[in-house]
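The structure under discussion appears below in the form of structure tokens.
The values are calculated or read from the model by the stated rules, or taken from the named source; none is laboratory data. Just so we're clear, the structure is a prediction, and the values are computed from it rather than from any experiment. Positions of Cβ are generated from backbone atoms using ideal geometry, with glycine treated the same way; all protein chains shown enter the neighbour counts.
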Amino acid sequence: MAEYCVEARTSMQTDQELIRRIAEGDSSAARQLVTRYEGRVMQLVRRMVARREEAEEVVQDTFEGALRSLPTFDPQRAALPTWLLGIAYRKAAEHLHRSRPVLYIEEHEGALQDADSEAAVDAALAELTEERVEQLMAAIRTLPPAEQTLLQLRYTDGLSLAEVGSITGRSAAYTATRLQRIRRKLYHLITTQHYGNT
């Protein structure tokens, strides 16, 4: 039994050991790194890039870029998975920017500024009736993929503002402000005629 535990520990290399081996030119370590994080990276990319083939290209670009940039990785600034997800987020955003024109219409600044208080926004978004959930899901689907991804990272995946900010390349304060704007936008969408009055 003790032999099994020692073997399991040695077979599961730490990220730091993999990084060291990659720096020494060990291609099997690079494959291990990709295998370890490919699922998480693909999950993030698929939130933004709908077509699987395109998402696979973005994931490949992510790991190619990460392996080239590995010497600049600083574990004091972010954990390796967070750093990789940040690269994936930026690659997916670049892909979306290149592949199609932006068709999303931004609401008038005034409409979002004039929205009721934060308490009203919170109450409307926290109401979990079947109708409200349907309205909210329909409204979320109208958001640009980058905004949908921010909501998912924060509220579905439960990442902290600092972690979401690290992934998107923004500060925690900027991320909080951006999420607040997205929540106000959702409030505006679900309280308009198109989504039904509350």
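At a glance:
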quantity	calculated
Segments classed as helices (runs of 4 or more DSSP H), wholly inside segment 102-185, with at least 1 members that are surrounded by fewer than 14 Cβ atoms within 10 Å (Cβ to Cβ), at pLDDT below 85 and not aromatic (Phe, Trp, Tyr)	109-113, 118-126, 130-141
Every residue from segment 48-101 that is among the polar types (S, T, N, Q), in a helix (DSSP H, G or I) and surrounded by fewer than 18 Cβ atoms within 10 Å (Cβ to Cβ)	GLN60, SER69, THR72, THR82, SER99
Residue in segment 73-95 that is outside the structural domain of LYS185 (by TED's automatic domain parsing), within 21 Å of ARG170 (Cβ to Cβ), among the hydroxyl-bearing types (Ser, Thr, Tyr) and modelled with pLDDT of 90 or more present	yes
Within segment 165-179, tally of residues that are closer than 16 Å to MET48 by Cβ and in contact (Cβ under 8 Å) with a residue 40 or more places away in the chain	3
